[in-house]
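Visitor: I'd like to ask some things about the structure below.
The values are calculated or read from the model by the stated rules, or taken from the named source; none is laboratory data. Remember, it's a predicted structure, so these values are computed and weren't measured experimentally. Here the Cβ positions follow ideal geometry from the backbone for every residue, glycine too, while neighbour counts run over all protein chains shown.
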Amino acid sequence: MLQSSENSFLKSSSPASNANAYNPKTVTAPVDQATIGRTLVIKGEISGSEALYIDGRIEGKISMPESRVTVGRNGRVDASIKAREVVVMGKVTGNIECSDRVDIRAEGSVTGDISTVRISVEDGAALKGGIQVHNEQKHKEAQSQNQAQTSKSADLPKALAATASA
């Protein structure tokens, strides 16, 4: 009898059978993605550098030039979208400017013009508007030219002010 009680003590103190024992779990880092839930309605301008998942409604402008914007099945977007990558499973009304890829899934709908390097439209998707597919290198060159012109036009008032004060 003494042996059986020792064995039961050993069994109860082992971590596998103890309900309160610490069981370490592997934790992965969360993906940097913002989510707009099904019941949210946002009117205005959204900008940022992390991925965006939209399952609610947005009206206005979305500017995420270095990120991915995903419009979920319940998502409704009445806005222009500027992003690196756009995936549409819901409904988008507005222009899309993409530096990499636009993907319109079977249940997705886009009404507006699209400018991108690559595009994928699945069977069953709806697309009403113009499509401009351009070379990635030419697109980067055009962007750098636009930035150069913007910086020159920003320097112009400074130059005029300097000459006017002299």
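Visitor: Considering only residues that are charged (D, E, K, R) and either closer than 14 Å to GLY112 by Cβ or under 15 Å from the mean Cα position of the chain (by Cα) (or both), which ones fall in region 36-56?
Guide: Correct list: GLU45, GLU50, ASP55.
Visitor: I need every pair where a residue in region 62-82 that is acidic (Asp, Glu) has its Cβ under 7 Å from the Cβ of a residue that is in a strand (DSSP E or B) and surrounded by fewer than 21 Cβ atoms within 10 Å (Cβ to Cβ), sequence separation at least 6 or different chains.
Guide: Listed by first residue and then by second, the contacts come to GLU66/ARG84; ASP78/GLU59; ASP78/THR93.
Visitor: I'd like the residue in region 102-139 that is farther than 14 Å from VAL71 by Cα and of a type in the set (D, E, K, R) and, out of all such residues, is modelled with the lowest pLDDT.
Guide: Residue satisfying both the conditions and the ranking: LYS138.
Visitor: LYS61 - would you say it is modelled with pLDDT under 60 and surrounded by 10 or more Cβ atoms within 10 Å (Cβ to Cβ)? Talk me through it step by step, then tell me what you get.
Guide: Working: modelled with pLDDT under 60: no; surrounded by 10 or more Cβ atoms within 10 Å (Cβ to Cβ): yes.
It is false that LYS61 is modelled with pLDDT under 60 and surrounded by 10 or more Cβ atoms within 10 Å (Cβ to Cβ).
Visitor: Also, I was wondering about something else. Can you tell me which of GLN3, GLN33 is of a type in the set (S, T, N, Q), within 11 Å of the chain's Cα centre (by Cα) and modelled with pLDDT under 95?
Guide: Answer to the check: GLN33.
Visitor: Please list, ordered by residue number, the strands (runs of 3 or more DSSP E) wholly in region 42-134 having 1 or more residues that are more than 20 Å from ASP32 (Cα to Cα).
Guide: Those strands (runs of 3 or more DSSP E) span 57-71, 76-88, 91-93, 96-104, 109-111, 114-116, 118-121, 126-128, 131-133.
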